[in-house]
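These notes are about the structure you will find just below.
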Amino acid sequence: MPMKVLDATLSNFDVVFDKFKAEAPNYKANLILFLADKDPATSLSWCPDCVRAEPVIYKKLEVSSDDIALLRAYVGDRPTWRNPQHPWRVNSTFKLRGVPTLVRWENDAIKGRLEDHEAHIEQKIDALVAAT
């Protein structure tokens, strides 16, 4: 089974997240990647760490033999993300501090996390995907 990718924004996250959770038992690894929106003027992410990590994450997940579901959750533009009251910063489950953040979701809880400074490290991505 190829990697399943779902995309969500702040405005539709709850609906997409419910679908992601409902389908989770069908996959060996369920991951959520919180990342910055693309700048409409350049089509590039405003977040340099996201620009560095995204290709590495996608490459590692695409070559995995495991069935993987990936929910990409876009945090918004830079001013939206910088707000200390951003919904995913204050959410008791996610408690985001930076982007990108890659989390492993298992049994309705976060079972592992790679934050901005480590989300591009291939060995750590492999370990997160392989966690049981």
May I ask you to verify whether Pro87 is in contact with a Leu (Cβ under 7 Å, 6 or more places away or on another chain), open to solvent by 60 Å² or more (accessible area, probe 1.4 Å) and touching a residue at least 60 places away in the same chain (Cβ under 8 Å)? yes
Residue under question is Thr101, and the condition is that it be within 17 Å of Ala36 (Cβ to Cβ), in contact (Cβ under 8 Å) with a residue 60 or more places away in the chain, in contact with a strand residue (DSSP E or B) (Cβ under 7 Å, 6 or more places away or on another chain) and hydroxyl-bearing (Ser, Thr, Tyr); does it hold? yes
Any chance you could count how many residues in region 90-102 are surrounded by fewer than 16 Cβ atoms within 10 Å (Cβ to Cβ) and not in a loop (DSSP other than H, G, I, E, B)? 1
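The values are calculated or read from the model by the stated rules, or taken from the named source; none is laboratory data. Since the model is a prediction, treat every value here as computed from it, not as a measurement. A quick note on method: Cβ atoms are made from the backbone with ideal geometry, for glycine too, and the neighbour counts reach across all protein chains shown. Note: areas computed on protein heavy atoms with side chains; ligands, DNA, RNA excluded. Shrake-Rupley method; radii C 1.70, N 1.55, O 1.52, S 1.80 Å.
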